[in-house]
Structure formats: C-alpha cells, structure tokens
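These notes concern the structure reproduced below.
The values are calculated or read from the model by the stated rules, or taken from the named source; none is laboratory data. If you're wondering where the values come from, they're calculated on a predicted model, not measured in any experiment. Here the Cβ is made from the backbone with ideal geometry for all residues, glycine too, and neighbour counts use every protein chain on show. Just the protein is used for accessible areas: all its heavy atoms, side chains included, with ligands, DNA and RNA removed. Shrake-Rupley method; radii C 1.70, N 1.55, O 1.52, S 1.80 Å.
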Amino acid sequence: MSRAPGARVLVLNGPNLNLLGRREPELYGIVTLDEIESLCQAFGEKNDLLIDFRQSNHEGVLIDAVQEAGQHAAGIVINAAGYTHTSVALRDALASVGIPIVEVHLTNIHRREAYRRTSFVSEVADALICGAGAHGYVLALTHLSHLLENLEKGDR
Ligand code: CA2
C-alpha cells in the first residue's frame, strides 16, 4: 500500500534563515529561502505531499507551529537554525508530536564551532541531514516520504 494521498508535511525554518542568499553567502550559499521553498514545493507536487513551508525568528511561533503539526500534519522537516543548539522548549514540543521528524541543516554543524555540535533537535529527530546545502531539504523530504510510506505499511 502507498502513503495516504496529499499527506501534509511541515517544513519549518528558524531564526535568520530569511536572510539566506543575502548575507554570508560564503557560509550559507546564494540560494534564498524562497528558492528552497520552491524546491520543496516541487518535491511535494511530484510526491503527492502538501508542503506547509514556514519560517519564524520567534521561538514561541516555532513551538506553536510544531504543536499544530502534531494535530494536522503527517511529518516535520525542521531547520531550527540557532535554536537547534539552545531550545529545550522546542525540543520538548518536537518530542510530544508523535510524527516523524527529519532535522536538516545547510552546513555541516559537526565541522563548525564546538557549540554547534550539540543539537537538542537531534535527540528527538528520526534522522539528521547536514552539510548538503539547499539540496539537504530535498534529501530530508525524500527520507520523510520513505518513513511515511513505511508507517502506512505498519513497519515502524
Ligand atoms: O546550517 C544550518 O542550516 C544552520 O541551522 C544555520 C543556522 C546556524 O545557527 C546553525 O548552527 C546551522 C544559522 C542560520 C542563519 O542564517 C543566515 C543566513 C544568511 C545570513 C545570516 C544568517
């Protein structure tokens, strides 16, 4: 059996990711967040997923989006940006949802400053993709889609 048609997936982006492509291109590349959304929407169209793509600079807004996804979405892809390394509250929200979670980062957080090696999100995520740039979002959605198909088959 294949996945339920039109499963909703939240793609959630944390603080400062709205600046992508406009500042620090040497670190984060030249692709904008709008372009990443287009990649995600194209994946959704091809794979029958409804992509709900969001960004916020506010921790509480991100937590509200996660809680909402727990009620209305089949899975979450999250780049929590700076909150990855600091937010127990966001981690607790993610832990409570009971749907598959794939963590994504544009950069390889293990090849950067020591404080970026700790991820509260990784503790509660099913998978982590980092260092693949914007393509990492497509990889994250590919894996999430695979997890959702397996869930439908009851293999999880
Ligand atoms: O590599 C990633 O995707 C990160 O989540 C990006 C975060 C960083 O704090 C994480 O450690 C790794 C930073 C997002 C800030 O994005 C900017 C983009 C352009 C200019 C300035 C910031």
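Looking only at region 8-41, residues that are in contact with a helix residue (DSSP H, G or I) (Cβ under 9 Å, 6 or more places away or on another chain), part of a helix (DSSP H, G or I) and of a type in the set (S, T, N, Q) come to 1 in all.
Among the listed residues GLU113, GLU59, GLU103, identify the single one that is near the ligand (Cβ under 10 Å from one of its atoms), acidic (Asp, Glu) and surrounded by fewer than 19 Cβ atoms within 10 Å (Cβ to Cβ).
Testing whether each residue is near the ligand (Cβ under 10 Å from one of its atoms), acidic (Asp, Glu) and surrounded by fewer than 19 Cβ atoms within 10 Å (Cβ to Cβ) leaves just GLU113.
The set of residues from region 120-156 being assigned to a strand (DSSP E or B), over 22 Å from GLU45 (Cβ atoms) and open to solvent by less than 50 Å² (accessible area, probe 1.4 Å) comprises ALA127, CYS130. Regarding region 71-86, can at least one residue be identified that is open to solvent by 50 Å² or more (accessible area, probe 1.4 Å), in contact (Cβ under 8 Å) with a residue 12 or more places away in the chain, in a helix (DSSP H, G or I) and over 25 Å from ALA132 (Cα atoms)? Within region 71-86 (the criterion being open to solvent by 50 Å² or more (accessible area, probe 1.4 Å), in contact (Cβ under 8 Å) with a residue 12 or more places away in the chain, in a helix (DSSP H, G or I) and over 25 Å from ALA132 (Cα atoms)), the answer is yes, since at least one residue qualifies.
In region 16-56, the qualifying residues are those that are within 21 Å of GLY75 (Cα to Cα) and touching a Ser or Thr at 6+ places or on another chain (Cβ under 8 Å), and the one that is surrounded by the most Cβ atoms within 10 Å (Cβ to Cβ) is LEU49.
Table: residues versus (1) farther than 17 Å from PRO15 by Cβ; (2) away from the ligand (no atom under 16 Å from the Cβ).
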position: GLN55; (1), (2): no, no
position: ALA80; (1), (2): no, no
position: THR86; (1), (2): no, no
position: ALA93; (1), (2): no, yes
position: GLY98; (1), (2): yes, yes
position: ARG117; (1), (2): yes, no
position: SER122; (1), (2): yes, no
position: GLY133; (1), (2): yes, no
position: HIS143; (1), (2): yes, yes
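Evaluating GLY44 against the criteria (1) within 22 Å of THR107 (Cβ to Cβ); (2) more than 10 Å from the ligand (Cβ to nearest atom) leaves one unmet condition, (1).
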